[in-house]
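*Asks:* Questions regarding the structure given below will be posed in turn.
The values are calculated or read from the model by the stated rules, or taken from the named source; none is laboratory data. Here the structure is a predicted model, which is why all the values come from computation and not from measurement. We place every Cβ from the backbone using ideal geometry, glycine too, and count neighbours over all the protein chains shown. For the accessible areas, the whole protein counts, side chains as well, though only heavy atoms, and no ligand, DNA or RNA atoms are used. Shrake-Rupley method; radii C 1.70, N 1.55, O 1.52, S 1.80 Å.
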Amino acid sequence: MAKVRGAIVVDVEKCKGCGLCVVACPSKVIDLAKEVNGKGYNYAYMANPDACIGCANCAIVCPDTVITVYKVNTEANV
Amino acid sequence: MDVKDIIKEENLVYGKTKLLTDNIMHYCPGCTHGVVHKVLAEVIDEMGIQEKTIGVAPVGCSVLAYNYIDIDWHEAAHGRAPALATAINRLYPDKYVFTYQGDGDLASIGTAEIIHACNRGENIVVIFINNGIYGMTGGQMAPTSILDMPTSTTPYGRKVELNGYPLKITDLIAQLPGTCYVTRQSGHTPAAVRKLKKAITKAFENVGKKKGTSFIEVVSTCNSGWKLSPVKANEWMVEHMFPFYPIGDFKDE
Ligand SMILES: Cc1ncc(C[n+]2csc(CCOP(=O)(O)OP(=O)(O)O)c2C)c(N)n1
Ligand code: SF4
Ligand code: SF4
Ligand code: SF4
Ligand SMILES: [Mg+2]
């Protein structure tokens with residue numbers, strides 16, 4: 001079975017810490033940081049990066065469209 | 001495999017469409033307006049109709065929608081977006097004209113305009129953001145506020161005796177022969193956003209086919225007005241709004 005790995009990049013300064021991506025993620029990858037960005041929001045970050053499957057669910061529901069998603073098939077690299 | 005080996009241009013699977021500008025949206029964190037703006041921008045981008053699309057922005061929280069989607073826009077007086085869209089469509093029949101309206105805008109002050117534009121079958125798309133409240137002005141009751149819903153003007157909840165019944169305007173619109181496609185969608189989960197995107201795509205395709213008015217209600221949240229967190233607002237919407245405003249197609253001709 002092909003193993004898929006994903007990763008997200010959050011535009012930290014534009015994130016509003018709404019938390020909608022956190023509940024949309026099927027793999028519990030995302031959490032809100034304890035630190036805040038320049039606007040005072042607890043921004044989203046990959047708390048559990050190894051679990052990301054690159055499904056883009058988080059990015060699709062983000063009202064501010066600040067998440068970019070990357071995905072690789074790791075088997076191709078074995 | 002290290003995260004930095006995954007984050008490479010060739011592995012990109014989802015990013016912001018170029019049609020969304022780099023302006024930071026003024027909406028509250030978690031507001032549904034942002035989700036619908038994103039989907040609209042993606043559809044216009046993917047259909048390759050950026051140069052042919054003209055939006056009509058409303059009065060309400062989305063009054064500044066023109067700052068966020070890189071197309072031509074007009075700003076309408078409160079509730080009058082369908083009248084302005086009618087004029088634009090008749091002057092430029094080959095453009096893709098849409099209105100973007102809240103429930104206060106469309107179902108209260110603009111009831112006459114929307115009913116008649118839909119009844120005339122104007123060849124436009126209507127995006128109707130129903131968050132059951134006047135978001136911009138401080139969360140007052142709207143015609144669409146559901147029974148027992150607390151708002152700033154009905155702090156103990158909307159009551160029939162005092163406030164009348166909530167208005168299911170989409171059900172009325174679906175009766176009008178000028179409409180070709182009438183649907184109610186939402187945008188609170190990845191699956192809902194994907195369905196919303198299909199619906200908006202179909203609506204814009206209908207304009208290309210000159211089929212008449214396509215009307216898309218998006219059952220939405222106004223977490224600030226509802227005084228809930230964004231996540232809790234979505235839960236409240238599913239529990240309380242969806243039974244009264246069920247998701248699905250009314251008409252697809
Ligand atoms: C002629 C006129 N009457 C009233 C207002 C005040 N006003 C501004 S926005 C609004 C309602 C907005 O509610 P809605 O359309 O539901 O949009 P939302 O902010 O909830 O997205 C009202 C009554 C106005 N700007 N112009
Ligand atoms: S959904 Fe977007 S704005 Fe909200 S917390 Fe996640 S990344 Fe930030
Ligand atoms: S891409 Fe999918 S798995 Fe990865 S963080 Fe986003 S929702 Fe979670
Ligand atoms: S007041 Fe409500 S509708 Fe307006 S931006 Fe805030 S959450 Fe969105
Ligand atoms: Mg509203």
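*Asks:* Accessible area per residue of region B:141-250 at 1.4 Å probe, in Å²?
*Replies:* Solvent-accessible surface per residue comes out at 44 Å².
*Asks:* In vacuum, with every alpha carbon of region B:117-222 counted as one equal point scatterer, what does the Debye formula give for log10 I(q)/I(0) at q = 0.14, 0.15, 0.22 Å⁻¹? Two decimals, please.
*Replies:* These q points yield log10 I(q)/I(0) values of -0.63, -0.71, -1.08.
*Asks:* May I pose another question? Tell me the Kirkwood radius of region B:210-249: reciprocal of the mean inverse pair distance over distinct alpha-carbon atoms, in Å.
*Replies:* Every distinct Cα pair counted, the radius reaches 11.6 Å.
*Asks:* If you roll a 1.4 angstrom probe over the protein chains with everything in place, what fraction of the accessible area of the protein assembly as shown belongs to carbon and sulfur, to the nearest %?
*Replies:* 55
*Asks:* Still on this structure, I have one more. Please compute the contact order of chain A in relative form: average sequence separation of alpha-carbon pairs under 8 Å and at least six residues apart, divided by the residue count, as a percent.
*Replies:* 44 percent.
*Asks:* I've got another one for you. Amide H to amide H under 5 Å from A:Tyr43: which residues, 5+ apart in sequence or cross-chain, H placed 1.01 Å off N in plane?
*Replies:* The list, which skips near neighbours in sequence, is A:Ala33, A:Asn37.
*Asks:* Return the value, in Å² to the nearest 100, of accessible area buried between chains B and A (probe 1.4 Å, both sides summed).
*Replies:* In total, chains B and A hide about 2700 Å² from solvent.
*Asks:* If eta is 0.890 mPa s and T is 25 °C, what Stokes-Einstein diffusion coefficient results for the protein assembly as shown, Kirkwood Rh from Cα pairs, in µm²/s?
*Replies:* Rounded, D is 120 µm²/s.
*Asks:* Along each of its three principal axes, how wide is the spread of alpha-carbon positions in region B:1-86, in whole angstrom units, largest first?
*Replies:* Largest first, region B:1-86 extends 56, 30, 16 Å along its Cα principal axes.
*Asks:* Using a cut-off of 15 Å between beta-carbons, work out the net charge of the residues near B:Ile247 (Lys and Arg +1, Asp and Glu -1, B:Ile247 not included).
*Replies:* Cβ neighbours under 15 Å give a net charge of +2.
*Asks:* Can you tell me how region B:79-148 classifies by the Cα gyration tensor, rounded, prolate or oblate, using a/c under 1.5 as the rounded cut?
*Replies:* Taking the square roots of the gyration eigenvalues as a ≥ b ≥ c, region B:79-148 is prolate.
*Asks:* Now for a different question. Would you mind giving the three semi-axes, in whole Å and largest first, of the ellipsoid equivalent to region B:44-109 according to its Cα gyration tensor?
*Replies:* Semi-axes, largest first: 20, 14, 8 Å.
*Asks:* Still on this structure, please answer the following. Report the paramagnetic label zone for B:Lys8: residues of region A:35-72 whose backbone N is under 15 Å from a point 7 Å from Cα along the Cα-to-Cβ axis.
*Replies:* A:70-72
*Asks:* Also, I was wondering about something else. Provide, for q = 0.12 Å⁻¹, the log10 of I(q)/I(0) from a solvent-free Debye sum over equal Cα point scatterers in region A:4-77.
*Replies:* Cα-only, vacuum Debye calculation for region A:4-77: -0.29.
*Asks:* In whole Å, how far is the Cα centre of region B:225-253 from that of region B:1-68?
*Replies:* Here the answer is 22 Å between Cα centres.
*Asks:* Pick from B:Ser220, B:Ser186, B:Ser108: which is most flexible by mean-square fluctuation in a GNM of chain B where alpha carbon atoms under 10 Å apart are linked?
*Replies:* Result: B:Ser108 has the largest fluctuation of those listed.
*Asks:* Whole angstrom only: what separates the Cα centroid of region A:37-56 from the Cα centroid of region B:190-204?
*Replies:* Measuring centre to centre over Cα atoms gives 26 Å.
*Asks:* What number, rounded to the nearest 500 deg cm²/dmol, is the helix-based mean residue ellipticity at 222 nm of chain A, given -39500 (n - 2.57) per DSSP H run of at least four residues and division by all its residues?
*Replies:* That comes out to -2500 deg cm²/dmol.
*Asks:* Quick one: Kirkwood hydrodynamic radius for chain B, alpha-carbon pairs, angstrom, one decimal?
*Replies:* 18.4
*Asks:* For B:Leu40, B:Leu162, what's the largest-to-smallest order of accessible area, 1.4 Å probe?
*Replies:* Final ranking, largest accessible area leading: B:Leu162, B:Leu40.
*Asks:* Further question: In whole percent, what relative contact order does region B:19-252 give with Cα contacts below 8 Å and a gap of six or more residues?
*Replies:* Averaging sequence separation for qualifying contacts and normalising by length gives 20 percent for region B:19-252.
*Asks:* Before rounding to the nearest 500, sum -39500 (n - 2.57) across all DSSP H runs of length at least 4 in chain B and divide by the residue total; then give [θ] at 222 nm in deg cm²/dmol.
*Replies:* Value at 222 nm, helices only: -9000 deg cm²/dmol.
*Asks:* Ignoring solvent entirely, what values of log10 I(q)/I(0) come out of the Debye formula for region B:176-234 at 0.22, 0.27, 0.29 Å⁻¹ when each Cα is a single scatterer?
*Replies:* Summing over Cα pairs of region B:176-234 leads to -0.83, -1.02, -1.10.
*Asks:* Still on this structure, I have one more. Find the percent of Cα-Cα distances in region B:46-168 that exceed 26 Å, and round it to a whole number.
*Replies:* 26
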